[in-house]
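The structure appears below as structure tokens.
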């Protein structure tokens, strides 16, 4: 039982009741709960609620991927193109004309790029496939020899298992393929439609959302949105530039080693740059298989060494120069993010995983720094108040 103490002042003998003794935190049955356990319990149920909400959001996005994916891609492209539209608007252009000019110009550039790839590289890509098949056959022959001595039947079974895991035949596969083509075309139309209207009315949409946010949270929402748009823009531009440089370096290495099909392998390396770490590894593996067929085991090893060297140049030189600190992630975080994105959303999920993780990391860092600044401000106010009262 807690009792309050009574005392008298020396001047007028007026009884004063002192505050009760503090009661230590206790659980049921009067057992004290350690502060560490209480804090862990408080964090646990909050994390469970956040995790459940995040899982529900991911589930809904996966179910609606035909709509969600084009909108996300449109946001990425709009983040890269919006500065050009804003510059034209500042020059006095009407919003619709500025958006249409940038939109049509970007489509023209992409059409020329893919048209060049289709005309100059498509024929050689079939040769790359033939070279890769021959390389696989050579590896298959090596696996049947020393020291593994795998039987042809065992290799056939492994190949069949892999093929069944990747593809499915029959009319069901044809129907799924037709459905996939329809979804891709519908998604492309939705993405272009969304992109144009974001370029045209994006600033109005931003003002509309900002007016409907509580005033106390408006500044935070504006800051986080601005950081997310900057990360998307930097990631898209820097990834394309890094992939281009990687493709040029690989082309130089393959030319010096005398490996054929340099152009399609360089284009494959460029496209693989949009899947951090994983794409460059796959492109290097394809180049090594081509080198194995054309120049033998030594040339293939040299191509693998060149690929590793290019990746080191990318990770230690190109990314620190091109990407800002806000977008860069630790290689382990990048690999885990790409792997998780690949499992959840395929190749597109692997592409989107890294910038989404960077946005989440920047949001958490923003709130962490804001809490630190608020704590320092409170300490400064309390310190000035204490000094004023003492004087």
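The values are calculated or read from the model by the stated rules, or taken from the named source; none is laboratory data. Keep in mind that what you see is a predicted model, and the values were worked out from it rather than measured. All Cβ positions, glycine included, derive from the backbone under ideal geometry; neighbour counts span all protein chains shown.
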| field | Candidates 109, 102, 60, filtered to the one that is assigned to a helix (DSSP H, G or I) and surrounded by 15 or more Cβ atoms within 10 Å (Cβ to Cβ) | value | 102
| Of (1) at pLDDT 80 or above; (2) not in a helix (DSSP H, G or I), residue 324 satisfies all except one. Which? | (1)
| query | Quick check: is even one residue across the range 294-316 modelled with pLDDT of 75 or more and assigned to a loop (DSSP other than H, G, I, E, B)? | reply | yes
| message | Among the residues of the range 199-213, what is the count of those that are touching a helix residue (DSSP H, G or I) at 6+ places or on another chain (Cβ under 7 Å) and not in a helix (DSSP H, G or I)? | response | 1
| note | Of 134, 223, 183, 138, the only residue that is modelled with pLDDT of 65 or more, in contact with a helix residue (DSSP H, G or I) (Cβ under 8 Å, 6 or more places away or on another chain) and not assigned by TED's automatic domain parsing to the domain that holds residue 70 is 223
| remark: Cβ pairs under 9 Å, 6+ apart or interchain, first in the range 190-205 and within 11 Å of residue 98 (Cβ to Cβ) and not assigned by TED's automatic domain parsing to the domain that holds residue 81, second at pLDDT 90 or above and surrounded by 19 or more Cβ atoms within 10 Å (Cβ to Cβ), ordered by first then second residue, are none
| note | Per the filter on the range 327-347, residues in contact (Cβ under 8 Å) with a residue 40 or more places away in the chain, surrounded by 18 or more Cβ atoms within 10 Å (Cβ to Cβ) and not in a loop (DSSP other than H, G, I, E, B) are 334, 338, 345
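Right, residue 238: surrounded by 18 or more Cβ atoms within 10 Å (Cβ to Cβ), in contact with a helix residue (DSSP H, G or I) (Cβ under 8 Å, 6 or more places away or on another chain), more than 21 Å from residue 334 (Cα to Cα) and assigned by TED's automatic domain parsing to the domain that holds residue 333 or not? Even if it seems obvious, please write down each step before you answer.
Working: surrounded by 18 or more Cβ atoms within 10 Å (Cβ to Cβ): yes; in contact with a helix residue (DSSP H, G or I) (Cβ under 8 Å, 6 or more places away or on another chain): yes; more than 21 Å from residue 334 (Cα to Cα): no; assigned by TED's automatic domain parsing to the domain that holds residue 333: yes.
Here the answer is no, as residue 238 does not meet what is asked.
Return the residues of the range 73-91 that are over 14 Å from residue 237 (Cα atoms), more than 22 Å from the chain's Cα centre (by Cα) and part of a helix (DSSP H, G or I); say none if nothing qualifies.
Within the range 73-91, the first condition is being over 14 Å from residue 237 (Cα atoms), and the residues that meet it are 74, 85-91.
Next, from what is left, pick out any that are more than 22 Å from the chain's Cα centre (by Cα): 85-91.
Once the filter is applied, which keeps residues that are over 14 Å from residue 237 (Cα atoms), more than 22 Å from the chain's Cα centre (by Cα) and part of a helix (DSSP H, G or I), the range 73-91 yields 85, 86, 87, 88, 89, 90.
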| Would you say residue 257 is buried (at least 21 other Cβ atoms within 10 Å of the Cβ), in the same structural domain as residue 308 (by TED's automatic domain parsing) and in contact with a helix residue (DSSP H, G or I) (Cβ under 6 Å, 6 or more places away or on another chain)? | no
